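The next block holds one structure in the form of structure tokens; read it before the comments.
The values are calculated or read from the model by the stated rules, or taken from the named source; none is laboratory data. What you are looking at is a predicted structure, and each value in this text was computed from that prediction instead of being measured. In this analysis, Cβ positions are derived from the backbone assuming ideal geometry, glycine residues included, and neighbour counts consider all displayed protein chains.
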Amino acid sequence: MAGMIGAAAVSALSGYLSSVIARIVAHVWGQALRLWCWPLREAVSAPSAWHAGAVLRWHAHRHLAGSGDRVDGHSARVAILILQFWPYPRAELLKAALTHDLGEFATGDIPGPVKRSSPELYAGISDLEAGAIAALGFEAVDLMPYEAKILRLADGFDAYLWALHHAPAYVRRSAAWRALLKRLRQLARELGVVDQFNEILRGVSDVRA
């Protein structure tokens, strides 16, 4: 009995230490990214914004890595979705849609779970990408709160639709993707565009809204 308790204690301690070490590494990495992106306007040299859009998305995703999704294609589709949700958006919202991921020329398409693994890491990557966008000559866009929600909806919805189109069986059996669809539909409902949301979804697949 004592041996079992001792083994359990060692296992628990090992798990705790691993968690602490992971948080420390994430914090240090996040701070390093913040320091790195500070002089990025001068340090980063991209051929042009046109080239920056060629970054491939989903490279770390085993079901979608070969799907050929580029940042510029994703950004254009996000802008199209915004027009479908909101036919007369401000130019600032469309500008945000077209440039929001261009900073990935400096970081690559880092998977969402990695970004969300730590607030410090997410903040560092966000700062780095924002600095990279500035290095391309694009100023930060000041969106109204509802516009930021529309952009978030279109951004997430395009990711879902792309995955559904290219890996339908995987997406339909995945609890994570079903949960994402539920969150996106709720956001569409809050924004008053759930009918457009469901119509777009039906147009892309045979999934019932």
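Miscellaneous remarks
- Conditions (1) under 18 Å from the mean Cα position of the chain (by Cα); (2) outside any helix (DSSP H, G or I); number of the one not met by E139: (1)
- The residue that is farthest from the chain's Cα centre (by Cα), counting only those in region 57-91 that are surrounded by 19 or more Cβ atoms within 10 Å (Cβ to Cβ) and β-branched (V, I, T), is I82.
Conditions tested, residue by residue: (1) touching a strand residue (DSSP E or B) at 6+ places or on another chain (Cβ under 7 Å); (2) buried (at least 17 other Cβ atoms within 10 Å of the Cβ); (3) at pLDDT 95 or above; (4) not hydrophobic (A, V, I, L, M, F, W, C).
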| residue | (1), (2), (3), (4) |
| --- | --- |
| F138 | no, yes, no, no |
| E147 | no, yes, yes, yes |
| R173 | no, no, yes, yes |
| G192 | no, no, yes, yes |
| E199 | no, no, yes, yes |
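- Selected residue (only one of A188, A167, A163 is surrounded by 13 or more Cβ atoms within 10 Å (Cβ to Cβ), at pLDDT 95 or above and closer than 15 Å to K149 by Cα): A188
- Some residue of region 93-101 being polar (S, T, N, Q) and in a loop (DSSP other than H, G, I, E, B): no
- You will find that of L181, L128, L94, L121, the residue that is free of Cβ contacts under 8 Å to residues at least 40 places away in the same chain and under 17 Å from the mean Cα position of the chain (by Cα) is L181 and no other.
- Taking region 151-164 as the range and being of a type in the set (A, V, I, L, M, F, W, C) and touching a helix residue (DSSP H, G or I) at 6+ places or on another chain (Cβ under 6 Å) as the test, the residues that pass are L151, L153, A154, F157, L161, A163, L164.
- Taking the criterion of being in a loop (DSSP other than H, G, I, E, B) and either crowded, with 16+ Cβ neighbours inside 10 Å or in contact (Cβ under 8 Å) with a residue 24 or more places away in the chain (or both), the residues of region 102-118 that qualify are L102, G103, G108, D109, I110, P111, S117, S118.
- Residues in region 142-169 that are among the acidic types (D, E) and over 11 Å from the mean Cα position of the chain (by Cα): D142, E147.
- Candidate set: region 101-136, residues that are polar (S, T, N, Q) and over 21 Å from A65 (Cβ atoms); chosen: the one modelled with the lowest pLDDT: S118
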